[in-house]
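The values are calculated or read from the model by the stated rules, or taken from the named source; none is laboratory data. Given the structure is predicted, the values throughout are model-derived calculations rather than measurements. FYI the Cβ positions are ideal-geometry reconstructions off the backbone, even for glycines, and counts take in every protein chain you see.
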């Protein structure tokens, strides 16, 4: 039991730390405050559309990871249901109306050619749909489906962390950077997340159909 709590705490701190680092690192793309970063190179003709998307996505990403975690807290859900519902509404609202639309714009202009663009467009579409379905089911009073779609939504949100961690460890292991490598890293950042989530839900539904957290 103690080991299980330690593992949960470790991953909680890892997510929060990485979310903070991603958010702070994202500020270097804030043109004209820091000039044109390498990430922004070649996108200057589209800045009218692209810059607001970058700002919206960067400013909401880390915050969504934080409040998304709060939604999985049994303590908050059982003792502060009003707060749980408030953070849930903020999470859903920011994704549906800010972060996912911004991510979609960024996906359309993503570097790496069609495979990367398709990858991130699909990721964004699934993320938006899963989040909307979570809201749809909670409004219908179906808490089981609500929880499952929230878990799917959050697993895709974590793709931002996964992409950077995989890229870091790939380079650390001596791997070379390049468009071909980035294609694999992009797809690997979210497809396994979704597969593992579905496996978890399948196993959990057979054992404890009303408790997935």
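Filtered by the rule that a residue be part of a helix (DSSP H, G or I) and under 18 Å from the mean Cα position of the chain (by Cα), segment 185-199 gives 185, 186, 187, 188, 191, 192, 193, 194, 195, 196, 197, 198.
Restricting to segment 166-181, name every residue that is within 18 Å of the chain's Cα centre (by Cα) and either over 19 Å from residue 21 (Cα atoms) or surrounded by 15 or more Cβ atoms within 10 Å (Cβ to Cβ) (or both). Across segment 166-181, the qualifying residues are 166, 167. Only one entry of 191, 181, 138 meets the criterion of being modelled with pLDDT of 95 or more and within 21 Å of residue 118 (Cα to Cα), and that entry is 191. The set of residues from segment 103-114 being in contact (Cβ under 8 Å) with a residue 12 or more places away in the chain, surrounded by fewer than 16 Cβ atoms within 10 Å (Cβ to Cβ) and part of a helix (DSSP H, G or I) comprises just one member, 108.
For (1) in a helix (DSSP H, G or I); (2) modelled with pLDDT of 70 or more; (3) over 16 Å from residue 103 (Cα atoms), each residue gets a yes or a no:
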{"position": "12", "(1), (2), (3)": "yes, yes, yes"}
{"position": "16", "(1), (2), (3)": "yes, yes, yes"}
{"position": "31", "(1), (2), (3)": "no, no, yes"}
{"position": "34", "(1), (2), (3)": "no, no, yes"}
{"position": "55", "(1), (2), (3)": "yes, yes, no"}
{"position": "68", "(1), (2), (3)": "yes, yes, yes"}
